[in-house]
């Protein structure tokens, strides 16, 4: 459900009988915002095995996810974000944002698993 912004003329709260009361528009907006945030962080997808495509292999994240690389004969794993590159070890969960890349160099293909977050 798309989140609709409040109009600039919307009243955040008013005072009634000496008490501050939030407007119905504000309450509806806050409920919708809470639903959107909960949906964004729901962990409902099962882990997915990623096919090793050839060495060196570059995996580019399309969503917030983590990548796990294990097994095989891996000589290097590099994490790239923008112009930064970090060398990583195997057998760890690598948190990724959209656009982040992981470059895996190997002689025997490892098992690569993507986990949504």
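The values are calculated or read from the model by the stated rules, or taken from the named source; none is laboratory data. On a predicted model such as this, the values are computed, not experimentally measured, just so you know. Virtual Cβ from ideal backbone geometry, glycine too; neighbours counted across all protein chains shown.
Each row is one residue, and each column tells you yes or no for (1) at pLDDT 80 or above; (2) not in a strand (DSSP E or B).
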site	(1), (2)
32	yes, yes
42	no, yes
49	yes, no
58	yes, no
67	yes, no
95	yes, no
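Going by the structure shown, is residue 75 at pLDDT 90 or above, under 24 Å from residue 108 (Cβ atoms) and either touching a helix residue (DSSP H, G or I) at 6+ places or on another chain (Cβ under 7 Å) or not in a strand (DSSP E or B) (or both)? Criteria not met by residue 75. Within segment 4-23, the set of residues being surrounded by 10 or more Cβ atoms within 10 Å (Cβ to Cβ) and either outside any loop (DSSP other than H, G, I, E, B) or at pLDDT below 70 (or both) comprises 4, 6, 10, 11, 12, 13, 14, 21, 22. Within the set 108, 69, the sole residue that is loosely packed, with under 14 Cβ neighbours inside 10 Å and in contact with a strand residue (DSSP E or B) (Cβ under 7 Å, 6 or more places away or on another chain) turns out to be 108.
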